[in-house]
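So the structure is just underneath, and the comments pick up after that.
The values are calculated or read from the model by the stated rules, or taken from the named source; none is laboratory data. Predicted, not measured: the structure shown is a model, and the values here were computed from it. Heads up, the Cβs are rebuilt from the backbone with ideal geometry, glycines too, and the neighbour counts pull from every protein chain shown. We work out accessible area using only protein heavy atoms, side chains counted, and drop any ligands, DNA or RNA first. Shrake-Rupley method; radii C 1.70, N 1.55, O 1.52, S 1.80 Å.
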Amino acid sequence: MSATPGLPGTQLVLLYRRAGGLNTEIDPRENALRVDSRWLLHPGMVFGFGRAPAGVDLAATLLTPEGSIEPSMPRLAGRISQAGGGWAVTNCSTTATKLLLTAPGMYREITRFSPPELLPRSRQWLTLSSPDGDVEHRFQLIVQWAAPSRTPISPGMRSEPSGPGDDAASPVTAVAPAVGVIAGTTATTTAGAPDPDWSAGDVRTLAAYCYPELRGLPPRPRDRTHQTLRLLDRPSDRTNEKWLERQLGRLRRDAGQRIGADLCGEHHTPVFVNYVVEHRMLLGSALHSLEDRGRN
């Protein structure tokens, strides 16, 4: 079982990835599933990250893809420690550096004026972006019970099958979905409505099309057509592009009819993606399948 983030007696697993090449990325699995470093934060410990973090128990020095210290990052960008009965993130920069806290259906900005932000999920991402947006320093924050015999979670471990739910970092434990809003959209109104009648092919297509949001990755401009075809192992040619356009057009029309809104066309993509994320518990097996292929 996942630990409740606000309860005492929990420890924090941190999995770090320096995600690079994002301005041309069409397969987000590489940066979502691979881990560069990991730490285990016990109750009472403080974790810091930045260009040259100091005064903390454990530290992550943020580097460029070439291996040098990241000059654009604050000396101490942020800290993670216990506060208010749970684990919290504090922005310690003296500049306009923003920390993004994201999970499926959740987006929060933490600035230097923000109070310590309690982790609201058992799993979430904490991200800092480089000035050109081509690199993101990503931390997967996983709250778990502080049991001495507990083996820290890694992205390749699954204790039981589940949907993506709150488990933005790695689909390990089934949890109740929490409907949220992707940045820049308004919430859809699907509470109480019957689940969409998606076929196995529909589910796989949607898992590929909405993969970054289903994993809880921070929002950014994406080439969804080539991303989806890559994840589905289809060539990026005109035939497959037209096939995908037809599939998505049908799925958009169906979603629009269910919520009483026009979701056709690229302009409505954020609302359509949010609709899919709200039904992420239906996509768990397809997401696992895509990720299993990504690890091969």
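Hey, any hits in the stretch 225-240 for a residue that's under 19 Å from W198 (Cα atoms), open to solvent by 10 Å² or more (accessible area, probe 1.4 Å) and assigned to a helix (DSSP H, G or I)? Within the stretch 225-240, not a single residue is under 19 Å from W198 (Cα atoms), open to solvent by 10 Å² or more (accessible area, probe 1.4 Å) and assigned to a helix (DSSP H, G or I). When restricted to residues that are over 18 Å from L217 (Cβ atoms), part of a helix (DSSP H, G or I) and touching a residue at least 24 places away in the same chain (Cβ under 8 Å), the stretch 256-274 contains 3. Scanning the stretch 98-135 for residues that are of a type in the set (D, E, K, R) and within 23 Å of L287 (Cα to Cα) yields a total of 2.
Here the condition is being modelled with pLDDT of 95 or more and either among the aromatic types (F, W, Y) or surrounded by fewer than 17 Cβ atoms within 10 Å (Cβ to Cβ) (or both); of A193, A147, A200, it holds for A200 alone. Taken together, the residues in the stretch 260-281 that are of a type in the set (A, V, I, L, M, F, W, C), more than 15 Å from R224 (Cα to Cα) and surrounded by 18 or more Cβ atoms within 10 Å (Cβ to Cβ) amount to 2.
Screening the stretch 27-79 for residues that are of a type in the set (S, T, Y) and touching a strand residue (DSSP E or B) at 6+ places or on another chain (Cβ under 7 Å) and picking the one that is farthest from Q11 (Cα to Cα) gives T61.
Among residues that are crowded, with 17+ Cβ neighbours inside 10 Å, part of a helix (DSSP H, G or I) and modelled with pLDDT under 95, H288 is not included.
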